Structures are given as structure tokens and as C-alpha cells.
């Protein structure tokens with residue numbers, strides 16, 4: 001996906017944890033989509049920082065949406081996804097994308113964790129993977145400020 005690409009549809013998850021969000025643009029606002037997987041140590045290690053950003057930017061109405069997309073066959077166990085999502089503090093809506101329907105729309109190209117930032121107009125402002133992706137997300141969010 002290129003910068004400026006509209007936010008793809010989020011339908012196709014086999015299950016949603018916490019709450020279902022099929023159309024995040026129904027109420028236009030800053031949106032962060034973050035992809036993770038059970039088998040991704042960096043995903044779990046970065047999650048506290050993602051949640052610090054989630055909590056910090058809630059004051060300006062930013063919404064965070066997690067999407068679990070499998071890297072390995074072991075990532076397909078939905079009970080494990082539910083358990084680990086709870087353990088690592090995912091309280092935001094979380095799609096369980098076991099069929100990789102949502103992930104393919106975002107063109108992840110086999111990288112985890114992956115972060116996408118969409119402005120209120122629904123256009124992608126920034127994307128990035130791994131620790132560098134988290135730094136890019138953090139600096140891009142800082143441009144929007146907090147109140």
C-alpha cells in the first residue's frame with residue numbers, strides 16, 4: 001500500500017475480540033491499524049508501547065484497531081489468540097484474521113508487527129514494520145499532538 005491509499009475494508013475476520021469495527025470511517029478520525037501474530041516475539045514486545053500511544057492519543061479521538069494475522073499454523077488457534085490478546089493488554093477492537101483476508105488488503109508482505117496510520121479523511125499517512133515501524137508511527141502521531 002502506498003501513502004494516500006484509502007483505508008481498506010475490515011470485513012472478513014473469523015471473529016472480533018472486544019468489539020467489531022467493520023467501518024472505522026463511519027465517524028472520521030485518526031486511525032491506527034496494528035497487525036500482530038502469536039508467533040511474533042516483536043509484536044508482543046512492542047505491545048506496551050503501542051498501548052501507551054493508544055492511551056495518549058485517545059484524548060484527541062484516535063482509534064486503535066488490532067488485527068491478528070497468522071504467520072504460522074500455530075497462530076490459527078483462536079483460543080490462544082483470545083488468551084494472549086488478553087494477557088498482552090489488547091482492549092481495543094481486535095480482528096482475528098485467520099484467513100488473511102484483511103492482511104492481504106493491507107499488503108503486509110510477510111512482515112510483523114506492522115503499523116498503519118490513517119488520517120481522519122481515511123487516507124494512509126504512514127506505514128512501517130517492526131521497531132522502525134513503531135518509531136515511524138510514534139513520530140507521525142506526534143504531528144497530530146494531544147490536548
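Counting neighbouring Cβ atoms within 10 Å and putting the fewest first, the residues 2, 127, 83 line up as 2, 83, 127. Computed over the chain, relative contact order equals 36 percent, with contacts defined as Cα pairs under 8 Å that lie 6+ residues apart.
Note on the stretch 1-50 and the stretch 90-131: Cα centroid distance 5 Å, given to the nearest whole angstrom.
In terms of other Cβ atoms within 10 Å, 3, 50 run from fewest to most in the order 3, 50. With respect to the chain, whose longest principal axis is taken over its alpha-carbon atoms, helix 78-87 is tilted by about 50°. Given the alternatives (i) 9.5; (ii) 7.5; (iii) 10.8, mean projected area of the Cα convex hull in nm² as computed for this entry is given by (ii).
Full extension of the chain between residue 25 and residue 79 yields a length gain of 16.5 nm, computed as 0.36 nm times the residue separation minus the alpha carbon distance. Once both axes come from the Cα atoms, what is the angle between helix 41-57 and the longest principal axis of the chain, in degrees from 0 to 90, rounded to 10? With both axes taken from Cα atoms, the answer is about 30 degrees.
Arranged by the count of other C-beta atoms within 10 angstrom, fewest first, what order do 16, 112, 36 take?
Numbers: 16 16, 112 24, 36 28.
With the sparsest Cβ surroundings first, the list reads 16, 112, 36.
We did not get these values from a lab; they are worked out from the coordinates using the rules stated. Worth saying up front: this structure is predicted, and the values here are computed from it rather than measured. Quick reminder, even Gly has a Cβ in these numbers, built from the backbone with ideal geometry, and neighbours come from all protein chains shown.
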